[in-house]
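Every number in this text was worked out from the coordinates using simple rules, so none of it is lab data. Quick caveat: nothing in here was measured; it's all calculated off a predicted structure. Virtual Cβ from ideal backbone geometry, glycine too; neighbours counted across all protein chains shown.
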Amino acid sequence: MKARVTVTLKSGILDPQGKAIEGALKSLGVDGVASVRQGKVFDIELSGADKAKAEAALKDAADKLLANTVIENYRVELL
Amino acid sequence: MKSAVLVFPGINRERDMARALKLASGHEAAMVWHAETALPKGTDLVVVPGGFSYGDYLRCGAIAARAPVMDAVREFAADGGLVLGVCNGFQILCEAGLLPGVLMRNARLKFICQDVHLRVERSDTPFTRGYNAGQVIRVPVAHGEGNYEADEETREAARGRGAGALSLLLGRRRRRRGLQHQRRGAVDRRHRQRARQCARHDAASGKPRRRHHGLHRRPRPVRRAWSRIWKKRRELLHDARAARRCRGVLSLAAPPPTRRTIPSVPSP
């Protein structure tokens, strides 16, 4: 089973990297970019087949390591 | 005082730290590998040094903060032990939940490597006991992720527990004026004078005068320093007497080779 954990900065947290990317896109002439926020994506392969168990395990992983819940939100998707 | 320095893969300042601790306390610091599950018996101070633990992967300090030794450090801290985190060590302690808040990428995305001035706000903590409150000290910093973020509540709570013993001094006007006086001594002298003025003001009013406080010394541009050296060298090469005087001292100014005449041997 495959899963994807997406980690993004909480709204209101300053994201200088996103700002730099936004500026670069604008200077490249990409139209219509209002704002950019940068995040991380983890593609995880799971050995079990139990969906509920997998989701619980991934949430645990995200809370413990993948995301810093002080500044980041995460989303778990089973693919 | 017995101290322990934690060692993680990718940490690179552990030897400096051990040396500093030896000089400060007179005792050799114990180096503790991250896979250990206990600290040496009788440890009084645990220091998490700086560097790039685990290559700063995921987030700075995130992986090191989950190492086995950190459980022992958490226990040690809960029992009232002293823990100091410097640079990456600070990030590790934040990630481990031993300190509140988080260190984020610098607002201008630049790695900052410079001397900064810190004001000792309180001298009643074990780490700042040797200073006087109100004293200004200069320390070197080097970090890419040094932007401390925590909500106001967390900061207030931390202050109540004795955090905020040092505060960073920044002042644009002061800094600009400092740049005009790049000579080291001049800035330092001005700085000491200013610190004394501020201390007097604080003592009189009871309120810290933070707004105009502090100077930043910018390292002299390397190019200009070099061009000065080359100019000096030209001068020296043109001045043979100066060159002779400097021979042996300044290899750049070696005198041109002189032809020696061999005295003729008188015939018997």
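For region B:35-159, what value does the Rg/Rh ratio take when both radii are computed over Cα atoms and Rh is the Kirkwood radius, given to two decimals?
Rg/Rh: 0.97.
I'd like to compare B:151-161, A:4-14: which one has the highest average count of other Cβ atoms within 10 Å, and what's the full order after that?
Result, highest mean first: A:4-14, B:151-161.
Along the principal axes of its C-alpha atoms, what lengths does region B:1-99 span, in descending order and rounded to whole Å?
37, 27, 21
Compute the Rg to Rh ratio over chain A from the alpha carbon atoms, using the Kirkwood formula for Rh, and round to two decimal places.
Numbers: Rg = 15.7 Å, Rh = 14.2 Å.
In chain A, Rg relative to Rh is 1.11.
Considering only B:Val46, B:Leu99, B:Phe8, whose Cα is most displaced toward the positive end of the charge dipole of region B:3-99, charges sitting on Cβ of Lys, Arg (+1) and Asp, Glu (-1)?
The listed residue farthest towards the positive side: B:Phe8.
State, as an integer percentage, the relative contact order of chain A based on alpha-carbon contacts under 8 Å between residues 6 or more apart.
Numbers: 101 pairs, mean separation 42.2, N = 79.
For chain A, the relative contact order is 53 percent.
Could you please report the charge total around B:Leu23, scoring K, R as +1 and D, E as -1 over all other residues with beta-carbon less than 14 angstrom from its beta-carbon? Working shown, then result.
Numbers: positive: B:Arg15, B:Arg19, B:Lys22; negative: B:Asp16, B:Glu28.
With Lys, Arg at +1 and Asp, Glu at -1, the neighbours total +1.
Can you give the relative contact order of region B:1-99 as a percent, counting alpha carbon pairs under 8 Å and 6+ residues apart?
On the way: 194 pairs, mean separation 30.6, N = 99.
In percent, rounded to a whole number, it is 31.
Please get the size of the charge dipole for chain A, origin at its Cα centre, with Cβ charges of +1 on Lys and Arg and -1 on Asp and Glu, quoted in debye to the nearest 20. Spell out each step's value before the answer.
Numbers: 12 positive and 11 negative charges, 16 e Å.
For chain A, the charge dipole is close to 80 debye.
Sort B:His117, B:His27 by Cβ crowding within 10 Å, fewest neighbours at the top. Display every interim value, and only then the final one.
Numbers: B:His117 22, B:His27 12.
So the residues, fewest neighbours to most, are B:His27, B:His117.
Which of A:Lys10/A:Lys53; A:Lys10/A:Lys51; A:Lys10/B:Lys110; A:Lys10/A:Lys40; A:Lys64/B:Lys2 have a Cα-Cα distance over 20 Å? Present the calculation step by step, with values, prior to reporting the outcome.
Working: A:Lys10/A:Lys53 26 Å; A:Lys10/A:Lys51 27 Å; A:Lys10/B:Lys110 22 Å; A:Lys10/A:Lys40 13 Å; A:Lys64/B:Lys2 32 Å.
Table pairs above 20 Å Cα-Cα are A:Lys10/A:Lys53; A:Lys10/A:Lys51; A:Lys10/B:Lys110; A:Lys64/B:Lys2.
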